[in-house]
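Enquirer: For reference, the structure I am asking about is given below.
The values are calculated or read from the model by the stated rules, or taken from the named source; none is laboratory data. Everything quoted here is computed from the prediction, not taken from an experiment. Methodologically, a virtual Cβ is constructed for each residue, glycine included, from the backbone with ideal geometry; neighbour enumeration extends over all protein chains shown. Only protein heavy atoms, including side chains, enter the accessible area calculation; ligands, DNA and RNA are left aside. Shrake-Rupley method; radii C 1.70, N 1.55, O 1.52, S 1.80 Å.
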Amino acid sequence: MSGNSAYVPGLEGIIGAQTAISMVDGANGRLVYQGYVIADLAQEMSFEEVAFLLWEGRLPTRAELGALSAELASSRQLTQAATVALEALPADTDPMDVLRSVVSVQGVEHRLARPSRPLAIHATASFPTILATFHRKRMGLEPVKPRRDLGHAANYLYMMNGEESSPEIVRALNTYLVLLADHGMNASTFTARVIASTESDLTSCLVGAIGALKGPAHGGAPSAVIEQLEEIGAAPDAEAWMRAARNRKVKFMGFGHRIYRVYDPRAKILKEMCERMNPQFFALASKVEEIALTILHEEHPERPQSTNVEFYSAGVLQAIGLPKEFFSPTFAASRVAGWSAHVLEQAAHNRIIRPQSEYIGPEPRKPVPLAERG
Amino acid sequence: MGEFSPGLEGVVAAETAVSEVDGANGRLIYRGGYLIEDLIPVTSYEEAAFLLWHGELPNEKELDALRQQMSRARRLKDSARKTLMAMEPSTDPMDVLRTVVSAQGASQALTKPTLDEAVALTAVFPTIVGAAYRRRQGKDPLQPRDDLGHAANLLWSLEGREPEPQKVHWVDTYLVLLADHGLNASTFAARVVASTGSDLTSCIVGAIAALKGPAHGGATLAARNMLDKIGSAENAERWLTDAHAKHERFSGFGHRVYRTYDPRAKILREMAKTAAPDLHRTAARTEEVALKILHDAHPERPNATNVDFWASVVLTGAGIPKELFTTIFATSRVSGWTAHVLESLSDLRIIRPASRWIGPEPGRKPLQLAKR
């Protein structure tokens with residue numbers, strides 16, 4: 001059946017939802033959470049405060065923040081079934097598949113429950129435990145029990161490494177988690193909202209979102225940035241390598257974005273952090289960025305400057321000490337706050353999301369019985 | 001940027017040749033251009049799945065090869081089996097399905113969706129659904145039967161006895177009828193996940209997650225629950241009149257797309273007479289009364305019995321416990337989901353709509369914690 005409107009590939013420019021959670025103001029290079037510009041939140045706020053903001057629409061009071069932090073801290077244990085499932089998955093499994101599977105077990109229910117803030121808190125609390133436990137399994141190490149006295153970012157690093165990280169490292173991870181916590185109607189958030197629109201449960205929405213984030217066109221590229229920089233090797237070789245690569249139609253990893261017309265505000269903050277925390281990475285990366293932007297500008301002078309959030313994320317996450325296989329899952333551990341906020345918003349103003357398709361197959365005809373099909 | 005259409009109603013989000021819902025004429029067209037009522041007499045579920053994947057009905061040799069491939073893919077991996085056994089037996093069967101499919105498809109490296117993966121995923125659903133059911137009954141899961149067709153193996157996995165041919169026929173017909181239906185919410189979820197370049201398992205897990213919603217796959221169970229409450233043909237008028245007076249919705253009625261009788265409901269209604277004669281009597285009277293009440297209330301709206309209503313009767317007759325209805329729906333629809341994902345690969349573009357900001361004016365300054 002023909003739709004009321006023409007088919008727009010990728011739904012580009014089509015409004016998929018109304019939201020008060022975050023806004024990407026691409027023209028002015030602003031990312032806004034509930035009215036606050038990201039640059040005003042990134043340095044000051046804990047991930048817990050920002051999660052509260054996304055869920056509740058306002059910043060918490062001291063008492064509210066204390067209550068939320070305590071609830072998150074007490075929800076970090078995995079269920080027995082989730083522990084068994086995590087143990088059963090082979091150590092060489094893609095961590096995103098582990099996350100998808102274990103989040104699914106952790107959230108199983110006996111009766112359908114409506115998405116709620118307590119459920120959002122529980123899910124958000126479990127992501128670091130799942131990732132750290134699997135990381136240690138890969139390394140042949142025993143899992144580390146979560147620590148209730150540590151904040152969200154600090155506990156994640158503690159469970160990964162078995163020891164506390166320095167305040168600077170914890171602060172850096174916290175900033176990363178704040179920066180990535182929401183970003184308008186991206187593909188994984190939209191997936192979560194489509195699932196929520198059928199009145200399904202929160203875990204189902206999150207599992208779908210993880211599946212979408214896994215795709216390289218969405219969350220899968222930060223490790224690719226590191227891999228490409230490794231291939232390039234050293235700053236003096238960068239231009240020759242990159243021009244040759246371009247002739248072979250190789251994509252520059254960490255560049256290009258559909259929305260921002262000016263420098264991504266998150267990339268700007270991460271770039272500064274990267275320069276301070278990971279000078280070796282920064283020396284090569286900043287050179288590669290400069291060359292990439294020059295080449296991309298030569299090819300398409302009409303297109304805007306386009307370093308994306310993944311490019312310097314890679315250097316920051318590396319400095320934090322996360323293995324590159326855990327870059328995308330850590331992105332998920334941040335974005336779960338935004339996903340669950342969107343699910344709560346969708347559930348509160350729901351209508352099933354069921355667009356139309358344009359049929360491009362043959363005209364109706366009669367089937368031939370099996371015996372007569374040559 | 002255009003107007004916001006809630007639910008993306010009327011927005012065209014994909015081009016597809018997998019199926020077409022022609023609501024105005026009450027037609028469901030499967031890939032290749034076949035009307036559903038023409039396929040039912042001549043195709044098994046395996047043939048319908050082949051059609052959705054390939055765009056043509058299989059010949060005998062191709063069908064035989066597909067059946068063998070599916071038989072071989074029915075077993076769970078060790079990690080998926082352990083995950084299955086770790087969950088409490090009373091876990092929602094849809095959550096079992098979502099989780100075990102995720103574990104079964106967990107892999108070392110990202111791969112592009114393939115037809116072989118689609119076949120394997122489709123083949124393993126009955127194993128998981130059967131195991132979930134048997135564990136609820138306090139019984140051990142069964143090994144799948146290599147010598148049975150898809151529908152028969154599904155019944156075997158539940159019951160552990162040689163399935164009756166008639167029941168196999170009813171289940172097989174149901175599976176063919178529900179295998180695809182345009183761009184519904186779960187199929188759309190699968191296509192959105194696919195659009196990021198993700199793997200097939202992630203797409204199918206997302207689709208199961210969407211199908212679980214009562215507004216989508218849960219509707220068959222809701223219809224059966226309503227029939228259970230009504231209890232008998234004699235009670236239908238009183239029950240429905242009361243429910244309508246209390247502004248309760250009638251489960252199994254209403255559809256956004258069809259303007260005439262849903263062609264799948266028509267086939268199932270006929271089949272229900274032999275599959276479940278007693279329940280059919282209650283259901284037929286319920287339908288008659290419900291349509292009259294709905295017509296009196298909204299004469300401008302079309303005839304609205306949906307597929308869930310009559311599917312609930314036929315599945316009951318085939319001996320499927322009602323708590324499995326949504327998982328059986330998924331067991332059918334997985335061939336459509338995978339066909340859509342595979343189709344979308346030929347012109348992959350990330351599906352990322354815009355959103356309209358309805359929050360506070362950007363730029364307000366956050367207060368320090370101590371000042372809040």
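Enquirer: Using the Karplus curve 6.51 cos²θ - 1.76 cosθ + 1.60 with θ = phi - 60°, what ³J(HN,Hα) values do you get for each residue of segment A:158-169, in whole Hz, with x for Gly and Pro?
Expert: Values per residue, Gly and Pro as x: 4, 6, 5, 9, x, 8, 6, 8, 5, x, 5, 5 Hz.
Enquirer: Same structure, new question: For a test of the definition: using alpha carbon positions, the gyration tensor, and the 1.5 limit on a/c, classify segment A:54-165 as rounded, prolate or oblate. Walk me through the intermediate numbers first.
Expert: Values: a/c = 2.39, a/b = 1.31, b/c = 1.82.
Judged from the Cα gyration tensor, segment A:54-165 comes out oblate (a/c at least 1.5, b/c at or above a/b).
Enquirer: Which residues among segment B:34-65 fall inside the zone where the amide N is under 14 Å from a point 7 Å beyond the Cα of B:R72, along Cα→Cβ?
Expert: Inside the label zone: B:64-65.
Enquirer: Further question on the same structure: Give, in nm to one decimal, the length gained when the segment between A:Q280 and A:E142 is fully stretched (0.36 nm per residue of separation minus the Cα-Cα distance).
Expert: Values: separation 138, 0.36 × 138 = 49.68 nm, distance 3.19 nm.
Extra length available between A:Q280 and A:E142 comes to 46.5 nm.
Enquirer: Mind grabbing the interface size between A and B? I mean buried accessible area, both sides, 1.4 Å probe, in Å² to the nearest hundred. Spell out each step's value before the answer.
Expert: Working: alone 18760 and 18550 Å², together 27910 Å².
Its buried surface, counting both partners, is about 9400 Å².
Enquirer: Using a probe of 1.4 angstrom, how much of the accessible area of the protein assembly as shown is carbon and sulfur, in percent? Each step should come with its number before you reach the end.
Expert: Values: 14030 of 27910 Å².
That share works out to 50 percent.
Enquirer: Per residue of A:48-57, how many C-beta atoms from partner chains lie within 10 Å of its own C-beta, taken as a mean? Spell out each step's value before the answer.
Expert: Details: counts 0, 3, 1, 0, 0, 1, 0, 0, 0, 2.
Mean inter-chain Cβ contacts per residue within 10 Å come to 1.
Enquirer: Could you state how much accessible area B:S5 has, in square angstrom rounded to the nearest 10, with a 1.4 Å probe and all protein chains kept in place?
Expert: Approximately 30 Å² for this residue.
Enquirer: Follow-up question, since we're still on this one. Using a probe radius of 1.4 Å on heavy atoms only, what accessible surface per residue do you get for the protein assembly as shown? Whole Å² is fine. Spell out each step's value before the answer.
Expert: Numbers: 27910 Å² over 746 residues.
Roughly 37 Å² per residue, with all protein chains present.
Enquirer: Another question, if that's okay. Once each part is reduced to its C-alpha centroid, what is the distance from segment A:61-84 to segment B:206-225 in angstrom?
Expert: 30
Enquirer: Take every Cα-Cα distance within segment B:219-317, group them into 10 Å bins from 0 onward, and report for each bin the whole-number percent of pairs it holds.
Expert: 17, 54, 28, 1
Enquirer: Would you please name the GluC sites (Glu not before Pro) within segment A:157-240 that are DSSP coil residues with at most 12 other C-beta atoms within 10 Å of their C-beta? Present the calculation step by step, with values, prior to reporting the outcome.
Expert: Values: sites: A:E163, A:E164, A:E168, A:E199, A:E227, A:E230, A:E231, A:E239; in loops: A:E163, A:E164, A:E199.
Hits after loop and neighbour filter: A:E163.
Enquirer: Now for a different question. Is the shape of the protein assembly as shown rounded, prolate or oblate, going by the alpha carbon gyration tensor and its root eigenvalues a ≥ b ≥ c, with a/c under 1.5 for rounded and a/b larger than b/c for prolate?
Expert: It comes out prolate by the Cα gyration axes.
Enquirer: Counting only helical runs of four or more DSSP H residues, what would the 222 nm mean residue ellipticity of chain B come to if each run contributes -39,500 (n - 2.57) and the total is spread over all its residues?
Expert: -17500 deg cm²/dmol
Enquirer: Could you please put B:H181, B:H295 in sequence from largest to smallest accessible area, using a 1.4 Å probe? Kindly include the intermediate steps, with their values, before the conclusion.
Expert: Values: B:H181 20, B:H295 100 Å².
Order by accessible area, largest first: B:H295, B:H181.
Enquirer: Kindly provide the trypsin sites (Lys or Arg not before Pro) of segment B:56-119 that DSSP labels as loop, not H, G, I, E or B, and whose Cβ sees at most 12 other Cβ atoms within 10 Å.
Expert: Details: sites: B:K61, B:R67, B:R72, B:R74, B:R75, B:K77, B:R81, B:K82, B:R98; in loops: B:R74, B:R75, B:K77.
For trypsin sites (Lys or Arg not before Pro) across segment B:56-119 that sit outside H, G, I, E and B with at most 12 neighbouring Cβ atoms in 10 Å, the list is empty.
Enquirer: OK, next. Looking at B:F309, B:L268, B:V257, which one has the Cα that reaches farthest to the positive end of the dipole of segment B:219-317 (charges on Cβ: Lys, Arg +1; Asp, Glu -1)?
Expert: Of B:F309, B:L268, B:V257, it is B:V257.
Enquirer: To continue, here is another question. What does the structure give for B:178-191 when I average, per residue, the other chain Cβ atoms found within 10 Å of the residue Cβ? Mind dumping the intermediate values first?
Expert: Values: counts 0, 0, 0, 0, 6, 6, 5, 9, 6, 2, 10, 15, 4, 4.
Counting Cβ atoms of other protein chains within 10 Å of each residue's Cβ and averaging gives 5.
Enquirer: If you don't mind, another one. Quick one: compute the contact order of segment B:163-298, relative version, from alpha carbon pairs under 8 angstrom and 6+ residues apart, as a percent. Before the final figure, lay out each step's value.
Expert: Values: 81 pairs, mean separation 33.2, N = 136.
Taking the mean separation of contacting Cα pairs over the length of segment B:163-298, I get 24 percent.
Enquirer: For A:D92 and A:A235, calculate 0.36 nm times their separation in residues minus their Cα-Cα distance, and state this gained length in nm to one decimal. Don't jump to the answer; show the numbers that get you there.
Expert: On the way: separation 143, 0.36 × 143 = 51.48 nm, distance 3.28 nm.
Between A:D92 and A:A235, full extension yields 48.2 nm more.
Enquirer: Can you tell me, using C-alpha contacts under 8 Å and at least 6 residues apart, the relative contact order of segment A:222-319 as a whole percent? Show your work: numbers first, answer last.
Expert: Working: 106 pairs, mean separation 44.0, N = 98.
For segment A:222-319, the relative contact order is 45 percent.
Enquirer: Could you give me the ³J(HN,Hα) list for segment A:51-57, computed from phi with Karplus coefficients 6.51, -1.76, 1.60 and θ = phi - 60°, whole Hz, x at Gly and Pro?
Expert: Coupling constants for segment A:51-57: 4, 4, 4, 5, 6, 9, x Hz.
Enquirer: What's the ranking of B:159-168, A:12-21 by average number of surrounding C-beta atoms within 10 Å, highest first? Write out the running numbers ahead of the final one.
Expert: On the way: B:159-168: 14.5, A:12-21: 20.3.
Per-residue mean Cβ counts within 10 Å order the peptides as A:12-21, B:159-168.
Enquirer: Give me a single rounded figure for A:109-117: the average over its residues of other chain Cβ atoms within 10 Å of their Cβ. The partial results should precede the final answer.
Expert: Working: counts 5, 5, 2, 7, 0, 0, 0, 0, 0.
Mean partner-chain Cβ count within 10 Å for A:109-117: 2.
Enquirer: Show A:V368, B:V96 ordered by accessible area, largest first, where the area counts protein heavy atoms only and the probe is 1.4 Å. List each step's numbers first, then the result.
Expert: Values: A:V368 60, B:V96 10 Å².
Of A:V368, B:V96, the descending order of accessible area is A:V368, B:V96.
Enquirer: Another question, then. Helix-derived [θ] at 222 nm for chain A: sum -39500 (n - 2.57) over DSSP H runs of at least 4, divide by residue count, nearest 500?
Expert: Values: 16 runs with 207 residues, N = 374.
Roughly -17500 deg cm²/dmol at 222 nm, from the helical runs in chain A.
Enquirer: Here is a follow-up. In terms of the Cα gyration tensor, with a ≥ b ≥ c the square roots of its eigenvalues, is chain A rounded because a/c is under 1.5, prolate because a/b exceeds b/c, or oblate?
Expert: In terms of gyration-tensor shape, rounded.
Enquirer: Using label points projected 7 Å from each Cα along Cα→Cβ, tell me how many nm separate B:E248 and B:E270, to one decimal.
Expert: So the two model labels end up 3.3 nm from each other.
Enquirer: For the pair B:R238/B:L345, report the inter-label distance in nm, with labels modelled 7 Å from Cα in the Cβ direction.
Expert: In this crude spin-label approximation the distance works out to 5.9 nm.
Enquirer: Mind ranking A:H152, B:H298 by accessible surface for me, highest first, 1.4 Å probe?
Expert: Reading off the accessible areas and sorting them downward yields B:H298, A:H152.
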